[in-house]
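Read the structure below first, then the notes.
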Amino acid sequence: MRENSTIFICFLICAISMEAQSPFSKRVEGRVYSTDGDVAATHVLNITAQKATITDVKGYFSISAKLNDTLVFSAIQFKRKELVVSPNVLESKFLLIPLEEALTELDEVVVRLYNLSGDMSSDLNSLDTESVVTASTLGLPNAYVKPPTQAERQFYEATTGGGIVPLNPILNAISGRTKMLKNRLKRNAKYERTQRVREFYHDSLFVKDLKIPQESIPDFMYFCEVDSTFQAIVDTHDRLKIWEYMRKKSRYYRKNNALD
């Protein structure tokens, strides 16, 4: 009896050890950002697992990864950034990845002489320029219709379908994809709203008045965004109230990030 118990305990320890050592994958979600805000279609590659995706127009991404995988963030306008998946990354619910702008140097610059006088009104008349051609100048239908975002297109695709019994919405509802896409739409709407709030105030105010470093402003805005109180104050459209709220919130942000 004692021998059987010993064998069972050894088997249990081995099983637990094998489970702890076996790698497992999970979805890693986050957003890339930069100072100029142009982060659409940034490549996100898991070079260890040979998987890849691209960010949406707001920089949001989701990719499968496991411990010690290497994620690479790459775009023409940014420097290549690598991130090794640590336990903290796997435990994080949402990642914020800053991207550094890559400087593009021209090999050769050709200067053409236009004999400009410096008077813009007269110089514009003397220059031979072509008319600007856009959908609105051509009078095309739907010229002023805002194109749907990637998240909106994915949600529409997931919730529509043809046939007598449309299977696409049913399958996506069962798998949870519809719920995930709906949450992404809400998150994108929150982000766009937060960006509009940021544009109310110059960055120098964040740096001088709130003592938030320039590179930390996007992270601070996300810190405010996840607070339901922030959304209620934004609904008032009172910029003084919004700024006073962010002033109080900045104290907690600086304390949490050891900025004081």
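Viscosity 1.306 mPa s, temperature 10 °C: Stokes-Einstein D of the stretch 24-98 from its Kirkwood Cα radius, in µm² per second?
This corresponds to a translational diffusion coefficient of 130 µm²/s.
Quick check: convex hull over the Cα atoms of the stretch 150-256, volume per residue in Å³, rounded to an integer?
So the per-residue Cα hull volume is 126 Å³.
For a quick check: with amide H placed at 1.01 Å from N, whose amide H comes under 5 Å from Leu96's, ignoring anything fewer than 5 positions away on the same chain?
Hits under the 5 Å cutoff: Arg31.
Show the residues, 5+ positions off or on another chain, whose built amide H is closer than 5 Å to the amide H of Lys51.
Distant-sequence amide H within range of Lys51: Asn46.
Would you kindly derive the ³J(HN,Hα) couplings of the stretch 218-223 from the backbone phi angles with the Karplus curve 6.51 cos²θ - 1.76 cosθ + 1.60 (θ = phi - 60°), listing them in order in whole Hz, with x for Gly and Pro?
Couplings: x, 5, 5, 5, 5, 4 Hz.
Using the structure shown, select from Lys93/Lys186; Lys66/Lys93; Lys58/Lys248; Lys58/Lys190; Lys81/Lys190 the pairs with a Cα to Cα distance greater than 19 angstrom. Don't jump to the answer; show the numbers that get you there.
Numbers: Lys93/Lys186 16 Å; Lys66/Lys93 14 Å; Lys58/Lys248 27 Å; Lys58/Lys190 11 Å; Lys81/Lys190 26 Å.
Lys58/Lys248; Lys81/Lys190, as the Cα separations exceed 19 Å there.
Computed from the coordinates by the stated procedures, all read-outs in this text should not be read as laboratory data. Only a predicted model underlies this, so the values are computations on that prediction, with no experimental measurement involved.
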